[in-house]
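Comments concern the structure below.
The values are calculated or read from the model by the stated rules, or taken from the named source; none is laboratory data. If you're wondering where the values come from, they're calculated on a predicted model, not measured in any experiment. Counting neighbours? That spans all protein chains shown, and the Cβs are built from the backbone with ideal geometry, glycine included. Just so you know, the surface numbers come from the protein's heavy atoms only, side chains and all, with ligands and any DNA or RNA stripped out. Shrake-Rupley method; radii C 1.70, N 1.55, O 1.52, S 1.80 Å.
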Amino acid sequence: MRRFGKGALAGVVLGVGAVALGACSSVGTLSEEEAAARVEAPLYRVGPGDSLQIFVWRNADLTTQVAVRPDGRITVPLIEDLEAAGKTPTELGKDIETELAAYIQDPLVTVIMTGFVGTYQQQVRVVGAAANPQAMPYRAGMTLLDVVINVGGLTEFAAGDRATLVRTADGQQTPYRVRLDSLVRDGEIDANAAVYPGDILIIPETYL
């Protein structure tokens, strides 16, 4: 799970905010249909930082646990620098089988996920006035309330009702206003909304 240090956080907020403003001249509002819609969870794809168990049937000496390197590759017995990022566990298992076929007969490989980070396209990122800003793997059915709980809530000086959800669709980033204060502090459940893989939630602070 990636976390943002306090020193880097301001730059991230400014950078992401600039992208959002550049993507659309004004911040829109999610329609009732968009707020209630649940996206079908995509197949999980391996990302840098993920932990994997590579199980090779009938070959215990080739079975191992590995972490996906920052460059998206892994190294396992008999195989060096195999691209893993962006593949489903099944696809990666098939690729390992292809590589191992040069050394053993009819290899059968199972890739088991033991630690999840995922690709950026499958993460939900939170920056700004959250107790614990971070990037988290998308989970099926995730909503704004789930995200706020996962980051430990809002800070004392968060301007939750001025928060912006930046969503990418068809290569276009669009910012939407969301009401986190109304949701978390006032219990207005209609302020809850579905979250999509790749969403970025920007939580500003109140003006002092």
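Scan (1) 1, 8, 14, 18, 18, 15, 11, 8, 4, 2, 0; (2) 1, 7, 14, 17, 15, 13, 9, 8, 7, 5, 3, 1, 0, 0; (3) 1, 8, 17, 21, 21, 16, 9, 4, 2, 0, 0 for the value of P(r) over Cα pairs in 5 Å bins from 0, in percent calculated from this model and give just the label. This structure yields the entry labelled (2). Given R₀ = 25 Å, FRET efficiency for residue 39-residue 91 by Cβ-Cβ distance, to 0.05? The calculated FRET efficiency here is 0.70.
Computed from Cα atoms, the angle from the helix 6-23 axis to the main principal axis of the chain rounds to 80 degrees.
For the chain, what does the accessible surface come to per residue with a 1.4 Å probe? Please give it in Å². Write down the numbers at each step before the final one.
Details: 11070 Å² over 208 residues.
For the chain, the per-residue accessible area is 53 Å².
Protection proxy ranking, highest mean first, for peptides 168-180, 195-207: 195-207, 168-180, where packing is the per-residue count of other beta-carbon atoms within 10 Å, averaged.
Note on residue 108 and residue 131: the model spin-label points, each 7 Å out from Cα along the C-beta direction, lie 4.8 nm apart.
For the chain, set up a Gaussian network in which alpha carbons nearer than 10 Å are linked by springs, and say which option among 85, 102, 159 fluctuates the most. Looking only at 85, 102, 159, the largest GNM fluctuation is found for 102. Note that the stretch 171-179 has calculated 3J(HN,Hα) couplings of x, 10, 8, 10, x, 10, 7, 10, 10 Hz, one per residue in order, obtained from phi through the Karplus relation 6.51 cos²θ - 1.76 cosθ + 1.60 (θ = phi - 60°); glycine and proline are x. Helix 89-100 and the longest principal axis of the Cα set of the chain meet at an angle near 30°.
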